[in-house]
1. Kirkwood hydrodynamic radius, computed over distinct alpha-carbon pairs, for the stretch B:111-154: how many Å, to one decimal?
2. How about the stretch A:17-89: which GluC sites (Glu not before Pro) there lie in a loop by DSSP and see at most 14 other Cβ atoms within 10 Å?
3. Before we go on, tell me the buried accessible area for the B/A pair, both chains summed, 1.4 Å probe, in Å² to the nearest 100.
4. Among B:ALA154, B:ALA34, B:ALA271, which one moves the most in a GNM of chain B with springs linking Cα atoms closer than 10 Å?
5. Residue-wise, which Karplus ³J(HN,Hα) couplings in Hz belong to the stretch A:70-85, taking 6.51 cos²θ - 1.76 cosθ + 1.60, θ = phi - 60°, and x for glycine or proline?
6. Which ³J(HN,Hα) values, rounded to whole Hz and listed in residue order, are derived for the stretch A:4-19 from phi using the Karplus coefficients 6.51, -1.76 and 1.60 in 6.51 cos²θ - 1.76 cosθ + 1.60 with θ = phi - 60°, glycine and proline given as x?
7. Give the value in nm², to one decimal: projected area of the alpha carbon convex hull of the stretch B:290-365, averaged over all directions.
8. For chain B, modelled as a Gaussian network with Cα springs under 10 Å, which listed residue fluctuates most, B:THR33, B:THR141, B:THR104?
Amino acid sequence: MKYVLMFVETEEFAERFRTMSPAERGQAFARVDRWLAEYADKIGNGAKLASPETATTVRLDGAEPIITDGPFVEGKEIVSGFLEIEVADLDEALRMVRDWPGCPIVEIRPPEAMER
Amino acid sequence: MSGVPQAELARVLREHAGQLAASLVPLIGDFGTAEDLVQDAVVAALERWPLDGIPERPDAWLFTVARRRGLDVLRREGNYRRKLAQLQWPVPAEPDHRLQLVFTCCHPALSRPAQVALTLRIVCGLTTAQIARAFLVPETTIAQRITRAKRKIAAAGIPYRVPADDELAPRLAEVLTVIYLVFNEGYLSTADQAHSKDLSDDAEWLASLLHTLMPAEPEVGGLLALIRLHRARAAARFDSDGGLVPLEAQDRSLWDQDAVDAAIHILTRAARHHRPGPYQLQAAIVACHAEARRWEDTDWPQIRVLYDLLLLLSPSPVIRLNRAIATRYTSGPQAALAELDELAGSLEAYPIFHATKAELLRDLGRTGEAATADQRALSLTQNPAQQALLGQRLDLFT
């Protein structure tokens with residue numbers, strides 16, 4: 001079964017990351033790389049997103065499209081990446097996510113068009 | 001009307017409906033469909049059995065009705081044809097699927113209210129109407145909750161299986177929480193008992209089912225013992241006007257001593273695993289009360305030790321409050337008050353905190369302060385139903 005993992009960063013996490021020494025940051029990346037390698041056979045497409053300052057949001061629910069600078073929710077928690085995975089069921093997805101060494105929040109959601 | 005006692009009807013339905021649903025899921029391959037089939041059979045049974053009497057083979061009766069309903073579904077959705085054709089009842093030499101069913105209903109990816117509603121409906125075979133009445137919520141709310149949960153199980157890929165060993169402990173804790181919640185809802189309920197189903201009955205049944213299926217899990221035994229120890233003393237909890245009787249004023253001759261002994265036996269066997277847990281400890285505390293022939297015989301030092309252990313496993317201000325109540329009887333009101341004062345910050349909004357404080361202050365002759373604390377407790381619980389509930393909670397945990 002396919003799932004999309006949505007990775008969410010918090011302000012505290014971003015701050016901690018900013019204040020890391022280069023060596024610490026290297027270790028953090030290495031942990032994520034190890035996780036990616038461990039589950040390589042289950043991982044499909046995905047991307048780490050650039051920082052929220054690069055985001056542009058378009059609202060189409062008014063009379064005219066409204067284009068604004070920034071992510072769609074102005075909040076402390078920001079989607080920072082996504083990853084498609086293919087696993088047996090939700091429990092296996094949960095097992096994977098439990099080991100995730102990066103950002104502090106991960107949402108697991110199946111894509112709508114799934115095989116039944 | 002029929003001669004079938006409601007309790008007997010409930011027991012038979014629960015026994016067979018849950019089992020039937022559990023065995024249908026792996027065959028039908030779809031949790032929601034299996035549940036719908038059985039649910040329709042249960043509704044039919046609730047209508048027919050009080051009139052016709054409980055059939056000689058209730059399981060076969062339910063299966064026939066569920067299957068007939070399945071055939072209706074089949075006409076609409078051709079893909080069930082092959083699977084329905086394979087169905088037989090009783091399922092020969094199948095392992096008991098109800099354990100999978102319980103773990104699926106109590107999956108942590110479902111909200112707590114959804115876990116509770118699903119478990120009662122699917123494992124216990126209650127109707128949405130019965131669940132709604134027991135929780136004093138509109139039936140549509142319960143129906144929606146169940147529909148949404150079933151949709152999530154299918155769409156989010158929640159598996160139908162008993163968790164692997166390395167995941168079992170937290171998942172079992174989740175199941176026990178749901179059962180205990182159902183028990184408390186029934187036991188502490190101020191809802192019209194005559195017209196709502198006694199959920200403590202379903203909770204006891206669930207705990208005993210789980211105990212049968214997982215005999216090596218001491219916390220399951222602990223929860224079953226806890227529930228039975230409470231229920232064994234239920235007859236003494238209310239006076240003739242329906243008012244609550246505090247523990248110290250209860251007529252202990254009304255306690256079912258055989259049931260108490262049987263529950264303690266379960267607890268003792270659980271304790272032999274040497275894996276203590278919150279439910280075993282709570283049961284042990286209640287056992288101390290249940291074993292005391294008179295209020296004066298209560299083994300307060302033992303109770304206080306058990307609260308100490310409970311605090312090690314699950315520290316919480318409410319448990320510390322209950323320990324302070326035990327302290328009152330082991331070391332006097334002054335010591336108890338000192339323990340209570342440390343909780344002032346965290347339990348400021350908790351009426352029992354103030355009610356207990358009032359009692360201690362009165363013991364110490366500080367009547368003015370006691371009255372203030374009493375008023376504070378009252379101001380936090382305006383409605384009489386809640387007051388009754390809180391009184392019962394005090395009773396439960398002391």
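The values are calculated or read from the model by the stated rules, or taken from the named source; none is laboratory data. What you see is a predicted model; the values in this text were computed from it and never measured. Ideal geometry is used to build each Cβ from the backbone, glycine not excepted, and the neighbour counts take in all protein chains shown. Keep in mind that these areas ignore ligands, DNA and RNA; they rest on the heavy atoms of the full protein, side chains included. Shrake-Rupley method; radii C 1.70, N 1.55, O 1.52, S 1.80 Å.
1. 10.0
2. A:GLU74
3. Summing both chains' loss of accessible area gives about 900 Å².
4. Between B:ALA154, B:ALA34, B:ALA271, it is B:ALA154 that shows the largest mean-square fluctuation.
5. Values, residue by residue: x, x, 5, 10, 8, x, 7, 10, 10, 5, 10, x, 8, 8, 8, 10 Hz.
6. Working through the residues one at a time gives 10, 9, 10, 8, 10, 9, 10, 4, 4, 5, 4, 5, 4, 5, 4, 8 Hz.
7. Mean shadow area of the hull around the Cα atoms is 5.4 nm².
8. Of B:THR33, B:THR141, B:THR104, the Gaussian network model singles out B:THR141 as fluctuating most.
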